[in-house]
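The structure under discussion appears below in the form of structure tokens.
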Amino acid sequence: MISQKIRYLCLKHNYIVFEMEERNRTLGEFIIEHQNSFQYSTGELSRIINSIRLAAKVVNYKVNKAGLVDIVGAAGEQNIQGEDQQKLDVYANEVFIQTLINREIVCGIGSEENDDFITVAGSDNSHNNKYVVLMDPLDGSSNIDVNVSVGTIFSVFRRITPVGTPVTIEDFLQPGVNQVAAGYVIYGTSTMLVYTTGDGVNGFTLNPAIGTFYLSHPNMKYSEDGKIYSINEGNYVHFPQGVKDYIKYCQLEEGDRPYTSRYIGSLVSDFHRNMIKGGIYLYPTTSKTPNGKLRLLYECNPMAFIAEQAGGKASDGFGRIMEIQPTELHQRVPFFCGSKNMVEKAEEFMAKAK
Ligand code: P6P
């Protein structure tokens with residue numbers, strides 16, 4: 001009798017879940033409804049986000065299978081960062097590059113996994129496409145072997161050199177304020193696509209059974225304040241004095257502190273949790289990484305665009321990330337990102353200690 005009851009409830013639950021999802025808009029429906037808010041021609045946004053959507057599903061399948069097949073573990077090569085390339089890094093990079101090229105929408109691609117940018121002439125070799133995409137195809141890849149969430153981060157700009165000519169480095173070295181879209185995929189307990197086109201931030205959760213992303217987190221917002229600080233305290237002795245002072249401030253028994261320290265070692269995961277719960281992520285300079293560790297073009301700028309669109313803030317400790325004029329493709333910067341008041345408090349300590 002009991003098993004009948006449980007079976008019935010499970011069936012009912014599935015039905016309710018399925019029925020609920022049917023009521024939630026799909027990513028495709030959402031894009032169509034919001035095309036007019038995209039500052040350029042309507043169809044172009046769809047093609048960019050749709051290629052990301054397809055690639056995310058393909059990579060998600062492989063990431064979820066990683067524990068089962070011998071695809072994790074270093075591919076034996078090193079990328080420009082001098083980091084061992086995990087096979088999934090290489091795989092994810094190829095999938096995103098190919099789906100972007102196939103959609104005939106980008107004229108160039110910059111990736112953490114490629115030393116130089118990729119020129120995309122288009123099937124007619126006309127160089128007529130108008131967008132460049134910068135991406136970290138699989139951020140946090142060192143966590144793959146230990147089954148911790150990883151993510152893809154992407155940033156989209158309109159080219160600034162003449163359409164019809166091969167893309168140049170200038171098209172990639174644009175300040176973050178020029179981004180037309182940015183987002184991330186988080187391959188976690190569920191797979192989500194979170195993105196902005198400058199009109200707020202929305203999160204879509206994949207139903208793997210039918211391969212459809214549903215709007216699950218409309219209009220995502222950072223709370224002005226938070227209780228979580230995310231930083232690798234193993235580097236404490238190498239931090240600037242301002243960061244040391246801020247960490248001590250977070251740990252003080254005063255007012256609404258001490259805060260909670262949460263650090264996954266995967267930017268997308270720490271950022272995503274902090275956006276939902278309130279918090280700050282910090283990757284400052286250290287003696288080992290005098291310019292910080294995170295890359296400006298395909299980690300900090302896209303996450304900064306999302307943070308600001310969600311009412312948060314993103315700084316290098318002194319100024320706005322998105323106003324930095326890039327000088328090279330794989331440039332690193334210090335990164336302080338999250339709830340507005342927490343970032344401003346950290347900047348206060350940095351300014352005092354300067
Ligand atoms: P550490 C992953 O390599 C990454 O780029 C981010 O995703 C993550 O937040 C950070 O580096 C972790 O770096 O030095 O603390 O292991």
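Below are the figures for this structure:
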| quantity | calculated |
| --- | --- |
| Table column - 3J(HN,Hα) (Hz), region 188-205, Karplus curve with 6.51, -1.76, 1.60, x for Gly and Pro | x, 4, 9, 9, 10, 10, 10, 8, 9, 10, x, 10, x, 10, 10, x, 10, 9 |
| Distance between modelled label sites at D145 and T161, nm, 7 Å Cα→Cβ extension | 4.0 nm |
| Rounded to the nearest 20 debye, dipole of the chain from Cβ charges on Lys, Arg, Asp, Glu | 960 debye |
| Selected from G110, G140, G76 as most flexible by GNM, with the chain as the system and alpha-carbon contacts under 10 Å | G76 |
| Over region 24-217, volume per residue of the alpha carbon convex hull, in Å³ | 121 Å³ |
| Cα-projected label distance for D256 with F318, points at 7 Å along beta-carbon direction, nm | 3.0 nm |
| Residue among A307, F271, F318 farthest towards the positive dipole end of region 228-353, charges placed on Cβ | F271 |
| Protection proxy ranking, peptides 304-313, 190-199, 208-217, average beta carbon neighbours within 10 Å, highest first | 304-313, 190-199, 208-217 |
| Radius ratio Rg over Rh of region 203-334, counting only Cα atoms, Kirkwood formula for Rh | 1.00 |
| Percent of Cα-Cα distances greater than 37 Å, calculated over the chain | 19 percent |
| Within region 24-217: Cβ-based charge dipole about Cα centre, in debye rounded to nearest 20 (Lys, Arg +1; Asp, Glu -1) | 740 debye |
| Violating pairs (Cα-Cα greater than 29 angstrom) within the set K248/K293; K62/K130; K62/K288; K227/K352; K288/K352 | K62/K130; K62/K288 |
| Ratio Rg/Rh [Cα only; Rh per Kirkwood] for region 161-218 | 1.15 |
| Kirkwood Rh and Cα Rg combined as Rg/Rh, region 297-339 | 0.94 |
| Under Karplus coefficients 6.51, -1.76 and 1.60, residue-wise ³J(HN,Hα) of region 87-99 in Hz, glycine/proline x | 3, 5, 4, 5, 5, 4, 4, 5, 5, 5, 4, 5, 5 |
| Over region 106-262, equivalent-ellipsoid semi-axes from the Cα gyration tensor in Å | 35, 22, 17 |
| Calculated from backbone phi, Karplus (6.51, -1.76, 1.60) coupling profile of region 314-331 in Hz, x at Gly/Pro | 9, 9, 9, x, 10, x, 5, 4, 6, 9, 6, 7, x, 10, 8, 4, 10, 4 |
| Candidates K130, K57, K288: whichever shows maximal mean-square fluctuation once the chain is modelled as a Gaussian network with Cα springs under 10 Å | K288 |
| The chain - share of DSSP beta bridges that are antiparallel (%, nearest 5) | 80 percent |
| Dipole in debye (nearest 20) - region 228-353, about Cα centre, beta carbon charges: Lys, Arg +1; Asp, Glu -1 | 220 debye |
| Region 279-354 - Debye-derived log10 I(q)/I(0), Cα point model, q = 0.15, 0.17, 0.25, 0.26 Å⁻¹ | -0.45, -0.57, -1.19, -1.26 |
| Gain in span if fully extended, D124 to S190, counting 0.36 nm per residue against the direct Cα distance | 19.9 nm |
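Readers should treat all values here as calculations from the given coordinates under stated rules, not as data from a laboratory. None of the values given here were measured: they were computed from a predicted structure. Note: ideal-geometry Cβ built from the backbone for every residue, glycine included; neighbour counts use all protein chains shown.
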